[in-house]
Amino acid sequence: MQNEKQQNEIISKGKEMGQKVFAQTKEATGQAIKALKILSRDPIGGQSEAIKNLGQSNALRAGIVLVVIFSISCFLLGHSIVSESQVVGEYMGGVAGSYFKLLFFSLIPSASVFVCFFLIMKLISQEKEQISTCIYTTGVSTLPLAVLFFCIKIFGLSNFELLSAIGIFCLSTTFFLINSSMQDIYKLSTQKSFLITPTLVLLAGVVSNVFYSALI
């Protein structure tokens, strides 16, 4: 009788926790959608406006959702590359090991971009923003890359012409968004923004490639 009561309490607490997580996820997703609506109206200058309208706490929620979306796309991209090269079982320790390593790899690109934004905020920026701003700008700037990686997963690596067109658009948009955040949010000069934008993308790409090479 007592065991049954304990089981019911555990189930009840589990349901309550699940409802809280669902409510928080729904709220965060709503904030991300709100931020994207603002950006759709003004892709270049809308980042700063979105942070002001959302507030730091909601900007953090929106940024986390966008970072998660990018991480999922990185996971799918890594899976596509590994599947194409047929090294899952031979080089990555079997199916379970490969998925664990891919999960780890999927976090590296967004973490690299975040660290770059954080260092810019601490060392170069005229505006001392909060960490939530770094997470938000990470999520926004990596969103076009997430679209590209999802397209690679959907259309396959062999569809070169289509992926080239999508890639040019997504990469260009990524550079525009990063440059915009440098000037509008971190208040860097156009000269610094011009130099730092490609450097940030290059560093994040190199770090991600190093970790990917180590994983396989």
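Worth pointing out:
- Count of residues meeting criterion [surrounded by fewer than 21 Cβ atoms within 10 Å (Cβ to Cβ) and closer than 16 Å to residue 36 by Cα] in segment 66-86: 2
- The residue of segment 90-128 that is modelled with the lowest pLDDT, among those that are among the aromatic types (Phe, Trp, Tyr) and under 22 Å from the mean Cα position of the chain (by Cα), is 99.
- Flag if residue 135 is in contact (Cβ under 8 Å) with a residue 12 or more places away in the chain, closer than 18 Å to residue 47 by Cα and among the hydrophobic types (A, V, I, L, M, F, W, C): yes
- Of all residues in segment 167-180, exactly one satisfies the criterion of being polar (S, T, N, Q) and surrounded by fewer than 14 Cβ atoms within 10 Å (Cβ to Cβ), namely 172.
- Flag for residue 204 being buried (at least 18 other Cβ atoms within 10 Å of the Cβ), out of contact with any strand residue (DSSP E or B) (no Cβ under 7 Å at 6 or more places or on another chain), modelled with pLDDT under 90 and under 15 Å from residue 110 (Cβ atoms): yes
- Entry remark, segment 129-145: residues being over 11 Å from the mean Cα position of the chain (by Cα) and either open to solvent by 30 Å² or more (accessible area, probe 1.4 Å) or under 15 Å from residue 75 (Cα atoms) (or both) number 3 in total.
- The criterion of being at pLDDT 80 or above and not in a helix (DSSP H, G or I) does not hold for residue 132.
- Just one of (1) under 15 Å from the mean Cα position of the chain (by Cα); (2) not in a helix (DSSP H, G or I) fails for residue 187. It is (1).
- When residue 122 is tested against (1) in contact (Cβ under 8 Å) with a residue 24 or more places away in the chain; (2) within 19 Å of residue 188 (Cβ to Cβ); (3) among the basic types (Lys, Arg), only condition (1) is not met.
- Checking each residue in segment 146-166 for being without any contact (Cβ under 8 Å) to a residue 24 or more places away in the chain and surrounded by fewer than 16 Cβ atoms within 10 Å (Cβ to Cβ) picks out 154, 155, 158, 159, 160, 161, 162, 164, 165.
The values are calculated or read from the model by the stated rules, or taken from the named source; none is laboratory data. Not measured: the values here are computed from a predicted model. Reconstructed Cβ throughout: ideal geometry from the backbone, glycine too, with neighbour counts over all protein chains shown. Ligands, DNA and RNA are stripped out before the accessible areas are found, and what is left, the full protein with its side chains, is counted by its heavy atoms. Shrake-Rupley method; radii C 1.70, N 1.55, O 1.52, S 1.80 Å.
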